[in-house]
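Each remark here refers to the structure printed beneath this line.
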Amino acid sequence: MNYVKWFSLVYIVVLLLSFGYSYAKASQSKGDAVGQNWSTARRDSALLAPNPTQLSNTAIVQVYAASTYGWRGLFAVHTWIIFKKAGENEFTRFDVIGWGSGGVVRRNYAIPDGYWFGAKPTLLVDHRGAAAEAMIPQIQAAVARYPYPQTYHAWPGPNSNTFIAHIGREVPALELDMPSNAIGKDYRPLSSPVGLPPSGKGVQVSLLGVLGLNVGAQEGVEVNVLGLNLGVDFKSPGLRLPFIGHVGFEG
């Protein structure tokens, strides 16, 4: 019982410190968005994606993450995937979007590496050449098999991070390491509480993404309580914290 009390106390302290850091960081950058709303927020290129025309003969697969718009950005990120085959001069982008009519899976909703309503994206995955070429048909098949094409819930899922986690499970060659603050990545239906983590290598136990455990090649060991994840990353030594993501060395 004492172990449970100590774990609970440490978890609460980490939550408070992580949220405080996230709030301070958001307040620092708030001045950049003065006078903007969702319709005027920055959506131009972050200059992270390679020029597809210059690399026409190279297959490329990339995954991006950016803070969600508004107050939700204190808690979570939005993720998406882009790719192009050798011989193509444009990227194809796939996201899950919770607004608008029709299905939630959107093709080319925005430019490949655009700011996400004012938030600069970070690059999570970058594969090129023959390895990327081999992944692309698998990615396209995973997109077609996404089990929630008409459903979106910001918490606990399914949402945009559920979608990218699904692709990671279906295509383990991506070596996808989703941030611990990608809320929704751990969503699993009650009928299937045990399976692969988003990296596609390891094991995940999760009840609707609200309570669970990840042990994976990319995830390390990660505990999920109410969608807020805390863990230890071994491949890129560091901590996996709620609200923030990875803190430590980059692999």
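Points to keep in mind about this one:
- Kirkwood hydrodynamic radius of the chain, from the reciprocal of the average inverse Cα-Cα distance over all distinct pairs: 18.6 Å.
- Global size of segment 119-178 as Cα Rg and Dmax, reported in angstrom: 12.6, 37
- Kirkwood-type hydrodynamic radius, segment 1-108: 17.4 Å, calculated from all non-identical alpha-carbon pairs.
- Figure legend: label point modelled 7 angstrom from the Cα of residue 131 along Cα→Cβ; residues of segment 192-209 with amide N under 16 Å from it are 199-201.
- Dipole axis of segment 30-139 (+1 Lys, Arg; -1 Asp, Glu on Cβ), positive-most option in 50, 73, 134: 73
- Ranked order, 99, 116, 6 - accessible area, probe 1.4 Å, largest first: 6, 99, 116
- Per residue value of the accessible surface for the chain (all protein chains in place, 1.4 Å probe), Å²: 50
- Fully extended contour minus Cα-Cα distance, from residue 140 to residue 86, at 0.36 nm per residue: 17.9 nm
- Pair-distance profile P(r), taking every C-alpha pair of segment 87-209, with 10 angstrom steps and integer %: 12, 44, 36, 8, 0
- Kyte-Doolittle mean at least 0.5 and Cα axial length at least 27 Å: DSSP H helices in the chain: 2-29
- Of the peptides 205-215, 58-68, 8-18, the ranking by mean beta-carbon count within 10 Å, highest at the top, reads 58-68, 205-215, 8-18.
- Its DSSP H runs of at least 4 residues, each contributing -39,500 (n - 2.57), put the calculated 222 nm mean residue ellipticity of the chain at -7500 deg cm²/dmol, to the nearest 500.
- A 1.4 Å probe, protein heavy atoms only, puts the accessible area of residue 146 near 10 Å².
- Rg/Rg_ref, segment 43-106, where Rg_ref = 2.2 N^0.38 Å and atoms are Cα: 1.31
- Computed about its Cα centre, the charge dipole of the chain is approximately 380 debye, with only Lys, Arg, Asp and Glu carrying charge at their Cβ.
- Accessible surface of segment 24-165, 1.4 Å probe: 53 percent of it comes from carbon and sulfur atoms.
- At R0 = 41 Å, FRET efficiency that the Cβ-Cβ distance of residue 41 and residue 9 yields, to 0.05: 0.60
The values are calculated or read from the model by the stated rules, or taken from the named source; none is laboratory data. Model, not experiment: these values are computed from the prediction. In this analysis, Cβ positions are derived from the backbone assuming ideal geometry, glycine residues included, and neighbour counts consider all displayed protein chains. Heavy atoms of the whole protein, side chains included, go into the accessibility calculation; ligands, DNA and RNA do not. Shrake-Rupley method; radii C 1.70, N 1.55, O 1.52, S 1.80 Å.
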